[in-house]
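Reading through the structure tokens given below for one structure.
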Amino acid sequence: MKNTALSDKHIALGAKMVPFAGYNMPVQYEGVNAEHETVRNAVGVFDVSHMGEFLLTGPNALDLIQKVTTNDASTLTIGRAQYSCLPNGKGGIVDDLIIYRMKEEQYLLVVNASNIDKDWDWISSHNSFGVEMRNLSDDYSLLAIQGPKAVEAMQSLTSVNLADIKYYHFEVADFAGIEHVIISATGYTGSGGFEIYCKNSEVEQVWNKVFEAGASFGIKPIGLAARDTLRLEMGFCLYGNDIDDTTSPLEAGLGWITKFNKEFIDSEFLKNQKETGVSKKLVAFEMVDRGIPRHDYRILDANGNVIGKVTSGTQSPSMKIAIGLGYVNTEFTTLDSEIFVEIREKGIKAKVVKLPFYKK
Amino acid sequence: MSIPAELKYTKDHEWVRVDGNIATVGITAFAQGELGDIVYVEIETEGEELDQEEVFGSVEAVKTVSDLFMPVSGKIIEFNSALESNPEAVNSDPYGDGWMVKVELSNPSELDGLLDAAGYQAHIG
């Protein structure tokens, strides 16, 4: 199992460590609810250095990216980032990712830790464009500094005006005394803030300075458990739960990142699927009666027939209700549809709702 | 990790406090720590006669759910209804306000097979 450059720090802070995607990762420090609230109301820091980073360079880098991803990367200007996914040639999804345009002919792809090898092999196998590919995953660290106070708390660490970095934009600049750090206005929480990419050798200094600068704002370390409840309240998909090799981007509600103005792997298949319609769709639901939905629980109709499956579920720390995502047959996807989650052999009532669950 | 010496324990992380023929049952400090923030305790077996190791309820945490097992055979004569509005008591006071059920023992000799504090400490390592 791999450690991040900060594993010893997490252990010293009293984190409960768990194996996740081959890494020894902090799942929680003081408790998931308290950490969740810290990010919603103040600012918290996640070590998500397990994420993978690929650097693609060359005159044809955009062509390769356009072929292997669903979103239209030609709209990316230098300093902008884009959420996208890798279709798998069979109508499913290899991974979801963020693409950064670093230079005229250079892009950074940030992928899920559990899929680093799979994604690398997949993209490499389609690289008939002579694009130079470098896997930086073992050399780079990633801190997500998230929450409504992130901008104010971190401003003293950089010469860049953080408030000026718009959502899904980034700067390469000085941060915490380190040059050439990527400061990206992205995240997986819905509470604003930044993601900071730096070298493993630099991250301890960055971590220490981030906590010094954030001390008077109540900054705290946040574990993977709260990362999951925060993203689920927003309805952000988690690869391996809500999307995988068997779910299409259209079924997953990712039509907004599936652009048919270009050709890509599965573009014909997905265009056809869009025209004929999907038979199942990912929906958001909240429990009407008491019970907490969990991954893989079955979803039933009023007569007890199986109509789908839960992909993610939790008690929402912000709203104190049980929420979930799951695939259901298309006829049950309209708002307020009554569905039932099978919890310990009983059908517990739920209703289909709009995303995000959490609104400020 | 708190493991009171006067209690008995199971390998499933329940504790038992015996008073005459009545056993009070809850989950250990270790168990609540592993579960994380507890959201509710579902026990719908009040009044039922259950055998040792049968499921008498479940505890839902934010991240996970876990069954509750009878440490000893007997009848569930009381459920801690205060947990309905305050399930956090299982986290904050697992051996006190976080107790879950009272059981009228049907086979008190089963108590001899439970772990003592030292045995439970060795079990969780």
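Do we have any residue at all in segment B:85-92 that's buried (at least 22 other Cβ atoms within 10 Å of the Cβ) and under 14 Å from the mean Cα position of the chain (by Cα)?
Yes, that holds for at least one residue.
Taking the conditions exactly as written (among the hydrophobic types (A, V, I, L, M, F, W, C), surrounded by fewer than 16 Cβ atoms within 10 Å (Cβ to Cβ) and assigned to a loop (DSSP other than H, G, I, E, B)), does A:Phe260 satisfy them or not?
yes
Consider A:Gly223 against the criteria (1) within 14 Å of chain B (Cβ to nearest Cβ); (2) open to solvent by 20 Å² or more (accessible area, probe 1.4 Å): it satisfies all of them except one. Which criterion is unmet?
Among (1) within 14 Å of chain B (Cβ to nearest Cβ); (2) open to solvent by 20 Å² or more (accessible area, probe 1.4 Å), the lone unmet condition for A:Gly223 is (2).
What's the number of the condition A:Lys309 fails, among (1) open to solvent by less than 80 Å² (accessible area, probe 1.4 Å); (2) assigned to a strand (DSSP E or B); (3) more than 14 Å from chain B (Cβ to nearest Cβ); (4) not small (Gly, Ala, Ser)?
Here A:Lys309 meets the rest and fails (1).
Of the numbered conditions (1) within 11 Å of chain A (Cβ to nearest Cβ); (2) more than 23 Å from A:Lys320 (Cβ to Cβ); (3) buried (at least 20 other Cβ atoms within 10 Å of the Cβ), B:Val55 satisfies every one except a single condition; which is it?
All conditions are met except number (3).
With (1) touching a residue at least 60 places away in the same chain (Cβ under 8 Å); (2) touching a Pro at 6+ places or on another chain (Cβ under 7 Å) as the list, and A:Val310 as the residue in question, which single condition is left unmet?
Only one criterion in (1) touching a residue at least 60 places away in the same chain (Cβ under 8 Å); (2) touching a Pro at 6+ places or on another chain (Cβ under 7 Å) is unmet by A:Val310, namely (1).
Out of the residues in segment A:295-306 that are more than 14 Å from every other protein chain (Cβ to nearest Cβ), of a type outside the set (D, E, K, R) and out of contact with any helix residue (DSSP H, G or I) (no Cβ under 9 Å at 6 or more places or on another chain), which is surrounded by the most Cβ atoms within 10 Å (Cβ to Cβ)?
So in segment A:295-306, the residues more than 14 Å from every other protein chain (Cβ to nearest Cβ) come out as A:298-306.
Remaining after also requiring of a type outside the set (D, E, K, R): A:299-300, A:302-306.
Those still in the list that are out of contact with any helix residue (DSSP H, G or I) (no Cβ under 9 Å at 6 or more places or on another chain) too: A:300, A:302-306.
Values: A:Leu300: 20, A:Ala302: 11, A:Asn303: 8, A:Gly304: 10, A:Asn305: 10, A:Val306: 12.
Out of the qualifying residues, it is A:Leu300.
Are any residues in segment A:17-33 open to solvent by 40 Å² or more (accessible area, probe 1.4 Å) and facing chain B (nearest Cβ under 8 Å), and if so, which ones?
Of everything in segment A:17-33, just one residue is open to solvent by 40 Å² or more (accessible area, probe 1.4 Å) and facing chain B (nearest Cβ under 8 Å), namely A:Asn33.
For A:Ser124, work out the one condition from (1) open to solvent by 20 Å² or more (accessible area, probe 1.4 Å); (2) part of a loop (DSSP other than H, G, I, E, B); (3) not basic (Lys, Arg) it doesn't fulfil.
Status for A:Ser124: all satisfied but (2).
Condition check: of a type in the set (Val, Ile, Thr), within 14 Å of another protein chain (Cβ to nearest Cβ) and part of a loop (DSSP other than H, G, I, E, B). Does A:Ile292 satisfy that?
The answer is yes for A:Ile292.
Would you pick out the residues in segment A:317-337 that are farther than 14 Å from A:Arg290 by Cβ and within 12 Å of another protein chain (Cβ to nearest Cβ)?
A:Pro317, A:Ser318
Please verify whether segment B:96-112 includes one or more residues that are within 14 Å of chain A (Cβ to nearest Cβ), open to solvent by less than 10 Å² (accessible area, probe 1.4 Å) and under 11 Å from the mean Cα position of the chain (by Cα).
Looking through segment B:96-112, none of the residues is within 14 Å of chain A (Cβ to nearest Cβ), open to solvent by less than 10 Å² (accessible area, probe 1.4 Å) and under 11 Å from the mean Cα position of the chain (by Cα).
The values are calculated or read from the model by the stated rules, or taken from the named source; none is laboratory data. Not measured: the values here are computed from a predicted model. Every residue, glycine among them, receives a Cβ derived from its backbone with ideal geometry; neighbour counts consider all protein chains shown. What goes into the accessible areas is simple: the full protein's heavy atoms, side chains included, and nothing from ligands, DNA or RNA. Shrake-Rupley method; radii C 1.70, N 1.55, O 1.52, S 1.80 Å.
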